[in-house]
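Contents: one structure, followed by commentary.
What follows is calculated from the coordinates using simple rules that are stated; it is not laboratory data. Only a predicted model underlies this, so the values are computations on that prediction, with no experimental measurement involved. Methodologically, a virtual Cβ is constructed for each residue, glycine included, from the backbone with ideal geometry; neighbour enumeration extends over all protein chains shown.
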Amino acid sequence: MLWGFSVPSRISIHRSAICALLILPLGALASGCEGDDPSTDDTSQGGHGAQAGEEPTGGQGGQTSSGGQGGQTSSGGQGGQGGQGGSDSEMDKIKKELESLRNETRKLAEENLTCSKDSDCDAVAFGDKPCGGPWDYLPYSKTGESVDELLETAEELRKLEDQYNKDAGISSDCAYVVKPETECASKKCVAVTEE
C-alpha cells in the first residue's frame, strides 16, 4: 500500500508513473525518479525488438539453409549425368544398327554368289577398322540379282562404323587387310586363298 493506495499485485505499474502520481517533495521526486532512464526501457524494448528481428532473420537463415534447394540444383547436375546416360543409350543404338548392317551385308553376299566364270566374281569391303581399311572382304557375284543392294549396304556399314569408331574412340590393330583374288568355283564365287 502506498499512501493509502493499494496496488494489486497483478497490475504492474512503472516507477516513473508512481513518482508522477504521488505528491512528493521536489527533491524526493528528483532523487526517486532519477534512476528511471526511459532509454533503459526503450533498450529493453529494443532488445525485444532485436530479438524479434533476429527471429525472422533466423527464419530467413532457415530458408537460406533450405538452400538445399541449391542441392536440388545440383541434382539438376545429375540430370546432366542423365544426359550422359542418354548419350550412352545413343551409342548402344548405333552398335545395334551396326550389327544389323553386318548381318545384312553377309546375308546379301551369300545370296549373290552364283557365277559362270571367274570374271563374274569380285570382293566387297566389309566394315571399317579404326586404324583404316576394312576388317575383311566378302566374295560376291557381280551378276547377282541384289548385288546393288549388297554394295549399298556394305557402303552404309563402312560409313556408320567409321563414324562410330571416331565418336566412341575405338582402337584396333593397324594390320592391312589385302583384297583377295576371287574365282568361280563350282558355280560360286570364292576368295582365292594363298598356299
Inset, instruction - Give me the net charge of residue 185's neighbourhood, meaning all other residues with Cβ under 13 Å from the Cβ of residue 185; Lys, Arg count +1, Asp, Glu -1. - result: -1
Inset, instruction - Quick one: which residues, 5 or more positions from residue 115 or on another chain, have an amide H under 5 Å from its amide H? H modelled 1.01 Å from N in the peptide plane, none for Pro or chain starts. - result: 188, 189
Legend entry - Computed E for residue 114/residue 160 - FRET, C-beta separation, R0 22 angstrom, nearest 0.05: 0.15
Inset, instruction - Note down the net charge around residue 121, summing +1 for each Lys or Arg and -1 for each Asp or Glu among other residues with Cβ under 15 Å from its Cβ. - result: -2
Inset, instruction - Could you grab the relative contact order for segment 92-191? Cα pairs under 8 Å, six or more apart, rounded to a whole percent. - result: 38
Legend entry - Distance (nanometres) between label positions extended 7 Å along Cα→Cβ at residue 177 and residue 142: 2.2
Legend entry - Loop chymotrypsin sites (Phe, Trp or Tyr not before Pro), segment 132-163 (other Cβ atoms within 10 Å of the site Cβ: 16 or fewer; DSSP): 135
Inset, instruction - Give a residue-ordered list of calculated ³J(HN,Hα) values for segment 129-144 (Karplus: 6.51 cos²θ - 1.76 cosθ + 1.60, θ = phi - 60°; whole Hz; x for Gly, Pro). - result: 7, x, 7, x, x, x, 6, 6, 10, 10, x, 7, 9, 5, 9, x
Legend entry - Hz values of 3J(HN,Hα) by residue in segment 97-111 - Karplus curve (6.51, -1.76, 1.60), Gly and Pro given as x: 5, 4, 4, 5, 5, 4, 5, 5, 5, 4, 4, 5, 5, 5, 7
Inset, instruction - For every other residue with a beta carbon closer than 15 angstrom to the beta carbon of residue 160, add +1 if it is Lys or Arg and -1 if Asp or Glu, then tell me the sum. - result: -4
Inset, instruction - Anything over 32 Å Cα to Cα? Flag those among 95/117; 93/117; 129/188; 93/179; 96/179, in the order listed. - result: 95/117; 93/117
